[in-house]
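Only the coordinates and a few stated rules stand behind these numbers; no lab work does. Worth saying up front: this structure is predicted, and the values here are computed from it rather than measured. Methodologically, a virtual Cβ is constructed for each residue, glycine included, from the backbone with ideal geometry; neighbour enumeration extends over all protein chains shown.
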């Protein structure tokens with residue numbers, strides 16, 4: 001699978017060839033998780049509408065929910081103004097976090113409203 005050259009030209013990758021990918025829940029606006037994508041993962045996501053990421057630790061692709069059943073159906077993919085982060089607007093089925101929680105950001109509130 002090959003990423004559209006026009007999209008690839010806009011990406012600003014880190015030294016490992018990756019861009020940050022933020023998954024946001026479509027219905028609630030909750031930020032669910034942050035992962036990494038390379039050109040191949042982004043191309044797979046755009047073609048299949050299944051969130052596909054690149055695991056830095058395992059050095060392989062993974063489709064969210066492929067083994068857990070906690071899938072992400074992708075409605076929108078947006079590129080930020082710098083080209084170094086993509087936003088996936090998804091329908092989350094089950095937990096988004098590997099710990100089993102709905103979002104990776106519901107555990108440690110470091111600063112709340114004043």
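Compared with the dominant Cα axis of the chain, that is its longest principal axis, helix 39-48 is turned about 70°. Here is how the number arises for the chain: DSSP H runs of 4 or more residues each give -39500 (n - 2.57), the sum is divided by the residue count, and the result at 222 nm is -4000 deg cm²/dmol. Between region 90-114 and region 1-65, the alpha-carbon centres lie 19 Å apart.
Modelled label positions at residue 31 and residue 50, each set 7 Å beyond Cα in the direction of Cβ, lie 2.8 nm from each other.
P(r) for region 5-92, from all Cα pairs and a bin width of 5 Å, is 3, 15, 28, 27, 18, 8, 2 %, short bins first. Using C-alpha pairs under 8 Å with a sequence gap of at least 6, the mean separation divided by the residue count of region 5-92 gives a relative contact order of 30 percent. At an R0 of 30 angstrom, the distance between the Cβ atoms of residue 10 and residue 97 translates into a FRET efficiency of 0.55.
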